[in-house]
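Student: Provided herewith is a single structure, encoded as structure tokens, for subsequent inquiry.
The values are calculated or read from the model by the stated rules, or taken from the named source; none is laboratory data. Only a predicted model underlies this, so the values are computations on that prediction, with no experimental measurement involved. Positions of Cβ are backbone-derived with ideal geometry, glycine not excepted, and every protein chain shown enters the neighbour counts. Ligands, DNA and RNA are excluded from the accessible area calculation, which covers all protein heavy atoms including side chains. Shrake-Rupley method; radii C 1.70, N 1.55, O 1.52, S 1.80 Å.
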Amino acid sequence: MPKQHYHQQLSTLIDNALLHLYSQVAISRRFVPTAKRNTLLCQYLKPKIKQPQYKAIKGGCCK
């Protein structure tokens, strides 16, 4: 897999994770502390690790 494709997948995953986090924080009427934000990100990212399309990201950058 080319390095550019790896970075594109990683960028897309990070963008989607942040959009998910921001939408969850916006839904909440109260302040969301850092620990809760980390939990929200982990809950979003853990299922993504198991998807085959993100296999390259899990293994790190290609050489």
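Student: Considering only protein heavy atoms and a 1.4 Å probe, what is the carbon-and-sulfur percentage of the accessible area of the chain?
Tutor: 58
Student: Another question, then. Using +1 on the beta carbon of Lys and Arg, -1 on that of Asp and Glu, and nothing else charged, what's the dipole of the chain about the Cα centre, debye to 20?
Tutor: 200
Student: Roughly how many Å² is the accessible area per residue of the chain, as a whole number, for a 1.4 Å probe?
Tutor: That works out to 82 Å² for each residue.
Student: Give the long-range amide H neighbours of Val32: residues separated by 5 or more places, or on another chain, with amide H under 5 Å away, using H modelled in the peptide plane at 1.01 Å from N.
Tutor: It is none; the list stays empty.
Student: Strictly greater than 15 Å: what percent of every Cα pair in the chain meets that?
Tutor: I get 56 percent for the Cα pairs in the chain exceeding 15 Å.
Student: Additional query: Going by alpha carbons, how many degrees (0 to 90, nearest 10) lie between the helix axis of 3-27 and the longest principal axis of the chain?
Tutor: Between helix and principal axis, roughly 10 degrees.
Student: What do you get for the angle between helix 34-49 and the principal long axis of the chain? Use alpha-carbon atoms, 0 to 90 degrees, nearest ten.
Tutor: 40
Student: Over the chain, what relative contact order in percent results from Cα pairs under 8 Å that are six or more residues apart?
Tutor: 52
Student: Now for a separate question. Estimate the FRET efficiency between Val25 and Ile49 by the formula 1/(1 + (r/R0)^6), using the beta-carbon distance for r and 25 Å for R0, to the nearest 0.05.
Tutor: Efficiency, from the Cβ-Cβ distance: 0.65.
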